[in-house]
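The values are calculated or read from the model by the stated rules, or taken from the named source; none is laboratory data. Keep in mind that what you see is a predicted model, and the values were worked out from it rather than measured. Here Cβ is always computed from backbone atoms with ideal geometry, including for glycine, and neighbour counts include all displayed protein chains. Protein only, heavy atoms only, side chains kept; ligands, DNA and RNA dropped before computing areas. Shrake-Rupley method; radii C 1.70, N 1.55, O 1.52, S 1.80 Å.
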Amino acid sequence: TVAGIVGSSYGILQLFSSTLVGCWSDVVGRRSSLLACILLSALGYLLLGAATNVFLFVLARVPAGLYFLMWFQRRNGRL
(Lines give C-alpha, C1' and ligand atoms only; values in the text may rest on other atoms or scores of the structure.)
Protein backbone atom coordinates (compact mmCIF):
# COMPACT_ATOMS: atom_id res chain seq x y z
CA THR A 1 0.00 0.00 0.00
CA VAL A 2 0.96 3.65 -0.21
CA ALA A 3 1.41 3.95 3.55
CA GLY A 4 3.92 1.09 3.49
CA ILE A 5 5.92 2.70 0.71
CA VAL A 6 6.00 6.04 2.51
CA GLY A 7 6.97 4.47 5.81
CA SER A 8 9.69 2.23 4.42
CA SER A 9 11.27 4.78 2.07
CA TYR A 10 12.90 6.62 4.98
CA GLY A 11 14.62 3.54 6.39
CA ILE A 12 15.64 2.14 3.01
CA LEU A 13 17.30 5.42 2.06
CA GLN A 14 19.16 5.50 5.37
CA LEU A 15 20.39 1.96 4.79
CA PHE A 16 21.86 2.72 1.38
CA SER A 17 23.15 6.22 2.07
CA SER A 18 25.00 5.66 5.33
CA THR A 19 28.12 4.29 3.64
CA LEU A 20 28.19 6.96 0.94
CA VAL A 21 27.65 9.88 3.29
CA GLY A 22 30.17 8.40 5.74
CA CYS A 23 32.86 8.20 3.07
CA TRP A 24 31.98 11.69 1.89
CA SER A 25 32.36 13.04 5.43
CA ASP A 26 35.82 11.45 5.66
CA VAL A 27 36.83 13.44 2.60
CA VAL A 28 35.33 16.85 3.44
CA GLY A 29 35.52 16.70 7.24
CA ARG A 30 33.14 16.29 10.13
CA ARG A 31 32.03 19.90 10.48
CA SER A 32 31.23 20.37 6.78
CA SER A 33 29.35 17.08 6.56
CA LEU A 34 27.28 17.88 9.66
CA LEU A 35 26.35 21.28 8.30
CA ALA A 36 25.38 19.84 4.91
CA CYS A 37 23.35 17.03 6.50
CA ILE A 38 21.45 19.44 8.74
CA LEU A 39 20.66 21.81 5.88
CA LEU A 40 19.59 19.03 3.52
CA SER A 41 17.43 17.44 6.22
CA ALA A 42 15.78 20.81 6.82
CA LEU A 43 15.11 21.07 3.08
CA GLY A 44 13.48 17.66 3.16
CA TYR A 45 11.24 18.62 6.06
CA LEU A 46 10.27 21.88 4.32
CA LEU A 47 9.30 19.85 1.27
CA LEU A 48 7.29 17.51 3.50
CA GLY A 49 5.36 20.48 4.84
CA ALA A 50 4.64 21.77 1.34
CA ALA A 51 3.63 18.41 -0.16
CA THR A 52 0.16 18.48 -1.70
CA ASN A 53 -0.06 14.87 -2.87
CA VAL A 54 1.36 11.46 -2.01
CA PHE A 55 4.02 11.53 -4.74
CA LEU A 56 5.48 14.78 -3.44
CA PHE A 57 5.31 13.42 0.10
CA VAL A 58 7.36 10.34 -0.86
CA LEU A 59 9.76 12.51 -2.87
CA ALA A 60 10.25 14.83 0.10
CA ARG A 61 11.25 11.88 2.28
CA VAL A 62 14.36 11.35 0.14
CA PRO A 63 16.57 14.14 1.55
CA ALA A 64 15.32 13.54 5.07
CA GLY A 65 16.02 9.82 4.82
CA LEU A 66 19.43 10.33 3.26
CA TYR A 67 20.85 12.83 5.68
CA PHE A 68 19.11 12.72 9.06
CA LEU A 69 20.62 9.43 10.20
CA MET A 70 24.12 10.56 9.31
CA TRP A 71 23.64 13.80 11.22
CA PHE A 72 22.37 11.89 14.25
CA GLN A 73 25.21 9.36 14.21
CA ARG A 74 27.89 12.01 13.72
CA ARG A 75 26.48 14.15 16.49
CA ASN A 76 26.60 11.23 18.93
CA GLY A 77 30.10 10.16 17.82
CA ARG A 78 29.03 6.77 16.50
CA LEU A 79 30.83 7.12 13.15
- Item | Residues (under 12 Å from the mean Cα position of the chain (by Cα) and open to solvent by less than 100 Å² (accessible area, probe 1.4 Å)) located in the range 1-16 | SER9, TYR10, GLY11, ILE12, LEU13, GLN14
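Can we say ALA42 is modelled with pLDDT of 75 or more and under 10 Å from the mean Cα position of the chain (by Cα)?
Spelling it out, ALA42 is indeed modelled with pLDDT of 75 or more and under 10 Å from the mean Cα position of the chain (by Cα).
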- Task: Identify all residues within the range 17-62 that are open to solvent by 60 Å² or more (accessible area, probe 1.4 Å) and either within 18 Å of ILE5 (Cβ to Cβ) or outside any helix (DSSP H, G or I) (or both); write none if there are none.
- Result: LEU47, THR52, ASN53, VAL54, PHE55, LEU56, PHE57, LEU59
- Query: Can you name every residue in the range 32-45 that is of a type in the set (A, V, I, L, M, F, W, C) and either touching a helix residue (DSSP H, G or I) at 6+ places or on another chain (Cβ under 8 Å) or farther than 15 Å from ARG61 by Cβ (or both)?
  - Reply: LEU34, LEU35, ALA36, CYS37, ILE38, LEU39, LEU40, LEU43
- Note on the structure: Residues in the range 1-31 that are among the hydroxyl-bearing types (Ser, Thr, Tyr), closer than 15 Å to PHE57 by Cα and without any contact (Cβ under 8 Å) to a residue 24 or more places away in the chain total 2
